[in-house]
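The values are calculated or read from the model by the stated rules, or taken from the named source; none is laboratory data. From a predicted model like this one, the values you see are computed outputs, not experimental measurements. Cβ coordinates were reconstructed from backbone atoms using ideal geometry, including for glycine residues, and neighbour counts include every protein chain displayed. The accessibility values were calculated without ligands, DNA or RNA, using every heavy atom of the protein model including side chains. Shrake-Rupley method; radii C 1.70, N 1.55, O 1.52, S 1.80 Å.
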Amino acid sequence: MNYIISFAVLLACLYLGIGIQTITHLPIPGSIIGMLLLFILLASGVLPTHWAKPSCTILIKNMALLFVPVGVGLMNHLHLIEANTVPILLSIYGSSLVVFLVISLGIHHKEKDK
């Protein structure tokens, strides 16, 4: 019974996110909005963690299997990836550089305060 409640909670957050995305026409996928809703509910304590934990455990254990459709989708659209290799690489390296800089500045300021 715990699994049914847990999956129902996850599906409710997913479909709420899809509904919000459909109504507001945000450029963010509904599944991401649903995950943010789930995070907010769990972090605020509105939703007890034991309600979501059973299905989350199952999904994490089988995460490798969930990447198979993504890999097949990438192979089906390989021509788009090849056509956009430079922008993809620039965004990967640029975002990594920004993350490294922000983390290093944060650590620098934290160490300076000691």
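Within region 50-77, the set of residues being modelled with pLDDT under 90, farther than 18 Å from LEU14 by Cβ, part of a helix (DSSP H, G or I) and open to solvent by 70 Å² or more (accessible area, probe 1.4 Å) comprises HIS50, ALA64, LEU65, VAL68, VAL72, LEU74, MET75, ASN76. Residues that are touching a residue at least 24 places away in the same chain (Cβ under 8 Å) and either open to solvent by 50 Å² or more (accessible area, probe 1.4 Å) or more than 19 Å from CYS56 (Cα to Cα) (or both) within region 1-36 comprise ASN2, TYR3, ILE5, PHE7, listed in sequence order. For region 1-17, enumerate the residues that are within 13 Å of LEU38 (Cβ to Cβ) and out of contact with any His (no Cβ under 9 Å at 6 or more places or on another chain). Passing the criteria: PHE7, ALA8, VAL9, LEU10, LEU11, ALA12, CYS13, LEU14, TYR15, LEU16, GLY17. Which residues, counting only those in region 18-33, are of a type in the set (Gly, Ala, Ser) and modelled with pLDDT of 95 or more? Within region 18-33, just GLY19 meets the criteria. Within region 57-112, the set of residues being among the polar types (S, T, N, Q) and under 30 Å from PHE7 (Cβ atoms) comprises THR57, ASN62, ASN76.
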